[in-house]
Amino acid sequence: MKILKIILLFPPIAITVFIVYLYISAHSEEEKTYYFPQVETYMKVYKPVFNCYGYAIFSKDSIFSYSENSDFIRIYKSETSQVNLIFNPLDSKKIYVEDRWNNTKINQVNFDIKRINREDTTFFEQEYISGLKIQIPKPQYFEVFIEGYLQSVFYVDYKISESPIRAIPLKIIRTKE
């Protein structure tokens, strides 16, 4: 009799666990906002749940959201996605996108967003590390890169350190309206 009760309870418990999982997944933090004072620019990484694409949205103002009237780069979410963003601190309204796998679509409104190649000597210089030829950004540029299902955001600032630094998202206090 106890075995029959267990067998009868299993499907409702499994369904309940699955619904709780979906609820938590859908309401988990799906966007993170970063501020880069080096270029006075906010960047929001928005990852819609159950969607193959995420978005890097840019603004000079701290209050902004995803819409067709915003500056954004649509990025295919995958383990190998890596999009590098190059900024010139002297002209922070220009964003240069280096995407080796061509997984991005650009929407520009207020910023001038252009694709570049990692071989472009305007932005990159060659360096040999452990015998490997690597293209690194020139010291006058500021680089931000997004990788791994848009989970990780790093930046390179030669004024601070040469190694990539993990970007820390801003704490956004949400208020009920």
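Some observations on this one:
- Taking segment 112-156 and a reference point 7 angstrom along Cα→Cβ of Lys93, the backbone N atoms nearer than 12 Å belong to 112-113.
- Annotation note: chymotrypsin sites (Phe, Trp or Tyr not before Pro) in segment 26-100 located in DSSP loop regions with a Cβ neighbour count of at most 10 within 10 Å are Phe50.
- Against the chain, whose longest principal axis comes from its Cα atoms, helix 2-27 is set at around 30 degrees.
- For peptides 140-146, 107-113, sequence by mean Cβ density within 10 Å, most packed first: 140-146, 107-113
- Exposed-site-free run, longest, the chain (rule: trypsin sites (Lys or Arg not before Pro); DSSP loop; at most 12 other C-beta within 10 Å): 1-99
- Reachable aspartates and glutamates, given that their alpha-carbon falls under 15 Å from the alpha-carbon of Lys60 and they are not under 8 places away in the same chain: Glu40, Asp71, Asp91, Asp112
- Each Cα pair of the chain feeds into the Kirkwood radius, which the Stokes-Einstein equation turns, at 25 °C and 0.890 mPa s, into a diffusion coefficient of 133 µm²/s.
- Segment Lys138..Asn69, full-extension length gain: 21.7 nm, with 0.36 nm per residue of separation and the alpha-carbon distance subtracted.
- FRET efficiency, Thr122 to Cys52 (Cβ-Cβ, R0 35 Å, nearest 0.05): 0.60
Laboratory data are not the source of any read-out in this text; all were calculated from the coordinates shown. Computed from a predicted model, the values in this text were never measured in an experiment. Cβ atoms come from the backbone with ideal geometry, glycine included; neighbour counts cover every protein chain shown.
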